[in-house]
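See structure below.
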């Protein structure tokens, strides 16, 4: 890399124009992806339904300005995936789906795609990077969202958004991006994501959740318990059936455990 930079710097003495070295700040690319509650719930439900396989879909929304991307809705794609990657996007299905959504008044554009990594964190494989590059050929600001439905628990969703780094800027010795905003907080990347090319082949974007007042109240009241819950009487027949089912499950799990122990001993 240093040798290439020296050769480029000596271009003026060889009759060529020397590259302009600017000390000015790089473009602030600290964008924030705002995901609606509907889109997040649909992605989680789709990801859990496909476990242990990967699933994918497209995100609909709009590019508000240079620093804001809104994701209003998502729809699933009929793709089969492996444990590491998913297949390419079905263009015919995408076109038909967009036409049907347009007939219902949903004229949002495709702002990116999402797929699930069930149980092994948020990062992009080589196939995912190629898929994201194909999206960026259509729109440079396209986003790839990765969600982990296995590691996600109540109150914390394991999700991240990525965009690839242009290799030509790296060869010229230029900074690919520069974050100067103080939005949110710094998320320490996982070792697995760094191994798979984070900050080398792609970078992460800030994610926030866009909720209206009614959506916030609805989500807060979901599975909410009050003081009257402890006074409610449960039907004895229903409780008896539930206890029998739980007991049978415990017995089957204990048998499987003993079988595993015997296999390890032998």
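For a quick protection proxy, order the peptides 34-47, 90-103 by their average other-Cβ count within 10 Å, most packed first.
34-47, 90-103
Once you place label points 7 Å from the Cα toward the Cβ at residue 218 and residue 67, how far apart are they in nm?
Here the answer is 3.1 nm between the modelled labels.
Pull out the extension gain between residue 101 and residue 263, defined as 0.36 nm times the separation in residues minus the alpha carbon to alpha carbon distance; nm, one decimal.
Numbers: separation 162, 0.36 × 162 = 58.32 nm, distance 5.45 nm.
Full extension from residue 101 to residue 263 adds 52.9 nm.
Sort the following peptides by mean Cβ neighbour count (other Cβ atoms within 10 Å, averaged over residues), highest first: 221-233, 155-167.
Peptide ranking by packing, descending: 155-167, 221-233.
First obtain the Kirkwood hydrodynamic radius of the range 37-131 from its Cα pairs, then insert it into the Stokes-Einstein equation at 37 °C and 0.692 mPa s, and state the resulting D in µm² per second as a whole number.
Approximately 233 µm²/s, per Stokes-Einstein.
Wrap a convex hull around the Cα atoms of the range 27-219, take a quarter of its surface area, and give that in square nanometres.
Result: a mean projected hull area of 11.5 nm².
Once you put a point 7 Å from the Cα of residue 169 and another 7 Å from the Cα of residue 255, both along the Cβ direction, what distance in nm separates them?
Rounded to a tenth, the inter-label distance reads 6.0 nm.
Among the DSSP beta bridges whose two residues both lie in the range 27-219, what percent are antiparallel, rounded to the nearest 5?
The antiparallel fraction comes to roughly 60 percent.
We did not get these values from a lab; they are worked out from the coordinates using the rules stated. No experiment lies behind these values; they were computed from the predicted model shown. Note that we place each Cβ from the backbone using ideal geometry, even for glycine, and neighbour counts take in every protein chain shown.
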